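Derivation of every value follows stated rules applied to the coordinates shown; laboratory data play no part. All figures in this text were calculated on a predicted structure; none of them were measured in a lab.
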Amino acid sequence: MVRYAPEVAEEFLAGIRRGLSVRTTCKQPGMPAVRTVFDWLADPRRASFAEAYQRARRTGCEAVVDQLFEIVDDSSGDWVERLNIRTGLTERVFDPENVQRSRLRLYARIWYLSKLMPKVYGDKIEHEHKGNVDLSARLTEGRQRALSPQRGSDERR
């Protein structure tokens, strides 16, 4: 395990607060390796780092929300220039692959937000119960069945 350094840890957490992934943050110059960060998170002596990491993740979610709007609003790659083999002319055509990739990027972030902060970004699920059940009567019936003599052999004949 690489030695823990508070200033490096704080720089790492700054990347997480900006909405970057652990891997992306660790690729920056001077950052620890990915496995080092996860070792720090698992180390009981680094409980304060683990707590700061959780706070940074929650803050980073707001940056990810911002990314959602950027992804949706960016249509720069939706149309591309391609050579028409039959005519030999360059024409502007719609690129469905770019749109699908943008959709995938969007849904991955939505899923991430719904799992990390379900109360804020998760789907609201409502449970509605219609009808009444008299639990005491049901329990009494069940007890009576359990205490009654076995009826199996006489009733089947």
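Some notes on this structure:
- Debye log10 I(q)/I(0) for segment 41-157, one point scatterer per Cα, at q = 0.11, 0.15, 0.16 Å⁻¹: -0.72, -0.90, -0.95
- At full extension, R101 and D66 could sit 10.8 nm farther apart than now, given 0.36 nm per residue minus the alpha carbon distance.
- Cα-derived Rg to Rh of segment 1-105, Kirkwood definition: 1.24
- Result for the chain in a Gaussian network model with C-alpha springs under 10 Å: among E70, E62, E81, the largest mean-square fluctuation is at E81.
- For segment 111-122, backbone phi angles converted through the Karplus equation (6.51, -1.76, 1.60; θ = phi - 60°) give residue-by-residue couplings of 4, 4, 4, 5, 7, 7, 9, x, 5, 8, 10, x Hz, Gly and Pro being listed as x.
- Set of lysines with alpha-carbon distance to K115 below 19 Å, sequence-local pairs under 8 removed: K124
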